[in-house]
Amino acid sequence: MASLMERATSAPQTPGESPAACAPPRVKVVGVSKTFPTPDGGVARVIENVDLTLAEGEFLSIVGPSGCGKSTMLRLISGLTPVSEGRIVVAGREVTEPPPGVGFMFQRDTLLPWATVSENISIALELNGTPPAARPARIAELLKLLGLERYADYRPSAISGGMRQRAALGRLLAYGPELYLMDEPFGALDAMTKMILGRELLRIWSQDAKSVVFVTHDIEEAVGLSDRVIVMEGPPGRIKSEYRIDLPRPRDFRAVRLLPEFRDLCERIWGDIGRHSEAE
Amino acid sequence: MASLMERATSAPQTPGESPAACAPPRVKVVGVSKTFPTPDGGVARVIENVDLTLAEGEFLSIVGPSGCGKSTMLRLISGLTPVSEGRIVVAGREVTEPPPGVGFMFQRDTLLPWATVSENISIALELNGTPPAARPARIAELLKLLGLERYADYRPSAISGGMRQRAALGRLLAYGPELYLMDEPFGALDAMTKMILGRELLRIWSQDAKSVVFVTHDIEEAVGLSDRVIVMEGPPGRIKSEYRIDLPRPRDFRAVRLLPEFRDLCERIWGDIGRHSEAE
Amino acid sequence: QTKITAGTAAFNEALLPIYTAKEKGYFKDAGIELEITAFKGGGPAVQALVSGSIDMCLCAADHVVRLKARRQPAQILVALDEFHSYALMAKASFPGKDYADLKGKKIGITSPGSLTDNTLRYSLTKAGISPEREVQIVGTGGGVPMMAAIDSGQVDAGLLITTDVAAMLEKAGAYRVVIDYREMPYASFGALVLKSWVEKNPAAAKAFTGAVVKAIADLKADPKLAETVLATMYPNFSPSLIAAVAKTAVARTPAGGVVSPDSIKNLNEIVLVSDDTLKPVTVEEVFDPKLGAK
Amino acid sequence: MSAETDVRPARPFLSPAKVRLWFDRLLVFVLSVGAWYVVANTILDPFWISSPELVAERLWRITLNGDLWWHSSATVWQALLGLALGLVVGFGFGLLLARYPRLAEALDPYIMGLYSLPRIALAPLFILWFGIGLLSKVMMAFSFVVFIFLLNTMQGLKEVDRDHIDLMRSMRASPAFIARRVQLPAMLPWLFAAARISVGLALIGSVLGELLGANRGLGWYVEHASGRLDTTGVFAGLTALMIIAVLMNQAVNLLERWLTPAK
Amino acid sequence: MSAETDVRPARPFLSPAKVRLWFDRLLVFVLSVGAWYVVANTILDPFWISSPELVAERLWRITLNGDLWWHSSATVWQALLGLALGLVVGFGFGLLLARYPRLAEALDPYIMGLYSLPRIALAPLFILWFGIGLLSKVMMAFSFVVFIFLLNTMQGLKEVDRDHIDLMRSMRASPAFIARRVQLPAMLPWLFAAARISVGLALIGSVLGELLGANRGLGWYVEHASGRLDTTGVFAGLTALMIIAVLMNQAVNLLERWLTPAK
Ligand SMILES: Nc1ncnc2c1ncn2[C@@H]1O[C@H](COP(=O)(O)OP(=O)(O)OP(=O)(O)O)[C@@H](O)[C@H]1O
Ligand SMILES: Nc1ncnc2c1ncn2[C@@H]1O[C@H](COP(=O)(O)OP(=O)(O)OP(=O)(O)O)[C@@H](O)[C@H]1O
Ligand SMILES: [Mg+2]
Ligand SMILES: [Mg+2]
């Protein structure tokens, strides 16, 4: 973890501070396009000329209709999939392979089926250099946070969908990256669990001033968590509009929803997406 | 499809009619418990003494915290997993193996990875006896409904998570069962798509008077769609409370949300689950 | 003690003098420790000989001809059998009795290129029958597989070695000999070594030869001895079969382990049929009588 | 290790990648034949390994006089029949055993025992039961292949995604339907692995069968040459066998590419 | 076909299921030995297939005088060494080739060609290179096993879930880490399938090696018995081989149960 910190390009910001334009950005996406071959032998443009900047310590959400390219954007930033055009710079270096200090939670849970919940989390601790002695305590702490204490020794096939998602979240938190890429991390959770974990995520983020790109379908979730919400449309995926969320920090994941500005923002974003989808 | 209809034990009800207590129930769950072995060699009670009746043509939603046993309940009703105690009767016959006329949409998408979207849907048509000549038209119709026209020849690995979920929904609709078991069918969809498909589901349900057991984390969705909402708690999974939703039918999936009774019901259910989770 | 590793191409009764010498302790007396390794057929055994894995090959003597052609001159230390060891066997019901009767028939040999193959081709050619066109020659392996082939009618007749012949004839009225090569002088079995080995180990060569010659003399003098040794070699054979085998085995062993010119003459003729690249050998070339002399 | 499913355009007949591939293969060929040539002319006596030019000349000769075709057609035909029979019986029996796990458990040790018997030692029984004609050679190839398909079918079936089967069961698909539409496609990698392993073993079995009793076939040719210490003949036969094996394996590869969709 | 992952309680040493299993197996044993007995006493001459009582008696005798142990220990030892070597080399080489697909593509035909060569025909080379001691037998077993592990490793690697590898790559896991923590466990079914196939082939190879030149081992025993027309000896040797194969396979099964978690 310490080593990951060192690799960060800029000093941590004050918690909850709004992203400063002067700090070098954590992620810079410049004119990026992505094409995939189609089954009929053609080529499909899935991302078209996207520009995007994520400031150090910024919490950015991406919303948009199903299939518009949100997951693809995350994969491009993570370096797992190469861009077709344009370039992506993470922490000052152009992405050609997965850059250091990036944690990615996939849309599909990717727990290793042969490993128990705690073993799955442990792998992330191994990879970020946590000494073996410190691991059990950290795992226990995470499991408690996620309400999975009793399932430490279960394999993924013997726990529920929501529990699997929480375990995957636990792995991401265990890895403790500088940049979180989260693809619908709360999608399979009930409202209550989602709230608890949303609060937790905000707490972690504000403590360590990490940067987050958060994909979700839940607009209230996006507005409640983020500094900025990007609405994508597609395919081909483009950025349709952008909303700066200037709600006060620190926020409470639940209480913030009662603010009139919150309602207003949600309505505007909903309308934005709705127009598009309805038209389609 | 015709043959499936014949297998149904009771005549279809008038669309949208509230479940009549006199009609024989579609599903009867009597004193059912389910245990699983735990990794440490013990036995975990996952469902405890659940009684439940689903009337013919009823739309029932199940909500509850993650891991409380909702998916397990569906598996028990589907006959894929045998009960440990008690018994389940579907369409008048005790369930020992999957009963006829039941369509199950799993929480995890289970599209066959080697088959294209349309082939995946086609399999359900084959299994319900749709003549080969009628299949392409039906597939095209479903793909259009689901917004997947352009992805008929894509394999599951080349489409987005939400598209996979829609394809799985398409397979379920293609099968056209008497009893729909749906495990978070809209979980990976954006609000707009969810709304479109929710409307569609209501339309299909009210046309053919099918019975539905619908698991979801979205309380508004549950209230908007259902005749009755069951709140589960657990583990071990028990029925905590039950809400009859007497909102007028036919409903519009979106418009109904503006009714004060709707808000009220949602608040009550939310409070019900919340109390539980918060306490835990 | 000098250690000699010997490879056997097949287990047969021509090994009797070797086993006798072993049993009687003649090798030990001569300061030789003999280790016997079994190979599947003469080919691998000869390969092992040339590669130096073994010092000696207890196998068909005709390999000296081939070894000479492959620039690996070899010699027979001691002859163990001076007659051809095969007979053409068939079921008792098989009507034929000479080569003309074999036309259009299927005949089993142990393996292509082997002594049985060469013998058959040689004698068929001599009888004016084309081995390629007028008969069908099939390799089936020796011993039990060949018997299985004859028994199940897969071949009409097959070449079998003396022991097998004796065993088959034990079953009265089941099989008969069609053509017997067992009286033909032929250097059929012997202890082969490379000349280079003899040059390097003259004492061991002499000691070994001496021990075997002594055993042969014993066998010739005492018929019962052969039966005793054979009983240890073939524990599953009945006493009557042992007696039959003992009689022929002793009779076939050349006195003094000497290679006769006749046996080499026939050997040259038969071996050369199969392979025109080979050159005949002379007795002087392949056998050194001095080694066996007292 | 690159996990990229990126742009893979419809490939033309002679794409640069293909040219490179064949260049690589040619290079390996030239290098190994070169090494053989050097070794045969320096360290080792050609008595042991013959030499490439001698073998090439021999192959040329027996191609012209028809011997090569005469022998190799027999061997290939036996191997193919053994393969086909082994595939059908092994796969079928594997499905059956997967269906009746109790039977499978009971038979398991005996199957493994039979599989491990050295076929050469069984020669008399093969001759007795299957004669020395085509059948015994086919059965020899079969006796290897069938176990490979059986074992891989059983293991492959275990690895099929349970949810896919459950989904089909929930729609009351018959076991045969599930076998055809879910298990078979899910198992294709296992069947192709078995096929690849079996191609070699079928050829070995076919050659082994020719040692039981034959008057043609590459096995016979090699044995014949070996009996006369004709190393060039042996290597010519072995080279022909290698070429056949490569071609048969290539056929399996093509079939695999054709049947397995790009995932 | 039952897709149930239901209650599987900690099994006691002698659960009813186990008792039933062993009863089933015993039944199969009794039936097959009975059939052998009947056939040997009616249709077929015991000269061809001996008979169970003779074989049992022989086995008993060679157990008492130590021959059985003397021969079978050699065969087993050779097979085990061949297996171990084949596993290590095949798996390692498979990983290497998966890492360098260009190399793999270039070598593929040659690997398949080598694999398909009949080992018997290579006897002279084995003798030349590896002598007639332990090494040549181990190499004979190895020459079968290594290809099985190589092929299955390569195929198994292809089947590893890409997302799992991508996830590890996103955390900058080294290729070695991925191999150890993701690919190896994901491939276990493939490796066990290879092990099951290899156990039989290693024994066959070990026996075959003994035919090349040996003075002990079950292969030697069988061949020796066969040379003396001693069918009972042949079948005693084969029976011993079967028993060994069953035990080795059982060991593989145990290892599999131990290493593969219930999914
Ligand atoms: N095969 C199994 N072995 C052991 N325990 C199991 C198994 N399947 C389910 N369980 C347990 O059953 C409980 C309920 O699981 P289930 O999947 O029904 O929850 P759920 O209500 O659907 O949760 P979610 O909303 O997260 O999907 C969990 O505690 C889980 O650990
Ligand atoms: N490997 C691939 N090959 C071809 N097309 C692909 C591939 N991966 C993604 N696509 C296409 O890219 C588009 C965007 O997919 P992506 O998964 O990024 O959508 P998404 O915004 O995450 O949707 P969802 O909300 O449903 O998860 C889709 O149209 C999909 O078909
Ligand atoms: Mg997505
Ligand atoms: Mg669930």
> Based on what the data block shows, is C:Ala69 surrounded by fewer than 21 Cβ atoms within 10 Å (Cβ to Cβ) and in contact with a Phe, Trp or Tyr (Cβ under 8 Å, 6 or more places away or on another chain)?
Replying inline: no
> Has region A:121-142 got at least one residue that is within 16 Å of ligand 1 (Cβ to nearest atom), without any contact (Cβ under 8 Å) to a residue 40 or more places away in the chain and open to solvent by 10 Å² or more (accessible area, probe 1.4 Å)?
Replying inline: no
>> Looking at region D:216-236 only, could you name the residues that are facing another protein chain (nearest Cβ under 7 Å) and under 23 Å from the mean Cα position of the chain (by Cα)?
In response: D:Gly219, D:Trp220, D:Val222, D:Glu223, D:Val234
> Looking only at residues in region A:103-113 that are away from ligand 3 (no atom under 14 Å from the Cβ) and buried (at least 21 other Cβ atoms within 10 Å of the Cβ), which one is farthest from A:Ala174 (Cα to Cα)?
Replying inline: A:Leu111
> Going through region A:27-59 one residue at a time, which ones are within 16 Å of ligand 3 (Cβ to nearest atom) and farther than 30 Å from B:Ser118 by Cα?
Replying inline: A:Val50
> Does at least one position in region B:188-199 carry a residue that is away from ligand 2 (no atom under 16 Å from the Cβ) and not β-branched (Val, Ile, Thr)?
Replying inline: yes
> Regarding B:Ser241, is this residue away from ligand 3 (no atom under 16 Å from the Cβ), of a type in the set (Ser, Thr, Tyr) and touching a Pro at 6+ places or on another chain (Cβ under 9 Å)?
Replying inline: no
> Which residues, counting only those in region B:202-216, are within 14 Å of ligand 1 (Cβ to nearest atom) and either without any contact (Cβ under 8 Å) to a residue 24 or more places away in the chain or touching a helix residue (DSSP H, G or I) at 6+ places or on another chain (Cβ under 6 Å) (or both)?
Replying inline: B:Val215, B:Thr216
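Take the conditions open to solvent by less than 10 Å² (accessible area, probe 1.4 Å) and within 16 Å of ligand 4 (Cβ to nearest atom) and apply them to A:Phe214. Does it pass?
Considered against the rule, which asks whether it is open to solvent by less than 10 Å² (accessible area, probe 1.4 Å) and within 16 Å of ligand 4 (Cβ to nearest atom), A:Phe214 comes out as no.
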>> For region A:170-211, which positions are open to solvent by less than 10 Å² (accessible area, probe 1.4 Å) and within 16 Å of ligand 4 (Cβ to nearest atom)?
In response: A:Phe186, A:Leu189, A:Asp190, A:Met192
> Looking only at region A:61-108, which residues are touching a Phe, Trp or Tyr at 6+ places or on another chain (Cβ under 9 Å) and of a type outside the set (Ser, Thr, Tyr)?
Replying inline: A:Ile62, A:Gly67, A:Leu74, A:Arg75, A:Ile77, A:Leu80, A:Pro98, A:Val102, A:Gly103, A:Phe104, A:Met105
> Of the residues B:Glu56, B:Glu119, B:Glu85, which is touching a Ser or Thr at 6+ places or on another chain (Cβ under 7 Å) and either modelled with pLDDT of 90 or more or at positive phi (or both)?
Replying inline: B:Glu85
> Quick one: would you say A:Ile88 is more than 8 Å from every other protein chain (Cβ to nearest Cβ) and assigned to a helix (DSSP H, G or I)?
Replying inline: no
> For A:Val95, which of the numbered conditions (1) open to solvent by 10 Å² or more (accessible area, probe 1.4 Å); (2) under 17 Å from the mean Cα position of the chain (by Cα); (3) among the hydrophobic types (A, V, I, L, M, F, W, C) fails to hold?
Replying inline: (2)
> Where in region D:89-169 are there helices (runs of 4 or more DSSP H), lying wholly inside it, with at least 3 residues that are more than 9 Å from chain E (Cβ to nearest Cβ) and either crowded, with 23+ Cβ neighbours inside 10 Å or in contact with a helix residue (DSSP H, G or I) (Cβ under 6 Å, 6 or more places away or on another chain) (or both)?
Replying inline: D:123-130, D:134-158
> Looking at (1) more than 12 Å from ligand 1 (Cβ to nearest atom); (2) open to solvent by 10 Å² or more (accessible area, probe 1.4 Å); (3) at negative phi, which is the one condition that is false for B:Ser61?
Replying inline: (2)
> When residues of region B:200-220 are filtered for being within 16 Å of ligand 2 (Cβ to nearest atom) and among the aromatic types (Phe, Trp, Tyr), how many remain?
Replying inline: 0
>> Kindly evaluate E:Phe177 against the criterion of being aromatic (Phe, Trp, Tyr), more than 8 Å from chain D (Cβ to nearest Cβ), in a helix (DSSP H, G or I) and open to solvent by less than 10 Å² (accessible area, probe 1.4 Å).
In response: no
>> Tally up the residues in region C:141-176 that are open to solvent by 40 Å² or more (accessible area, probe 1.4 Å) and not small (Gly, Ala, Ser), please.
In response: 7
>> Tell me the residue from A:Ile273, A:Ile219, A:Ile239 that is assigned by the TED database to the domain that holds A:Gly198, farther than 29 Å from A:Pro24 by Cβ and modelled with pLDDT of 85 or more, please.
In response: A:Ile219
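The values are calculated or read from the model by the stated rules, or taken from the named source; none is laboratory data. All of these numbers come straight from a predicted model, not from anything done at the bench. Glycine also receives a Cβ, built like all others from the backbone with ideal geometry; neighbour counts cover every protein chain displayed. What goes into the accessible areas is simple: the full protein's heavy atoms, side chains included, and nothing from ligands, DNA or RNA. Shrake-Rupley method; radii C 1.70, N 1.55, O 1.52, S 1.80 Å.
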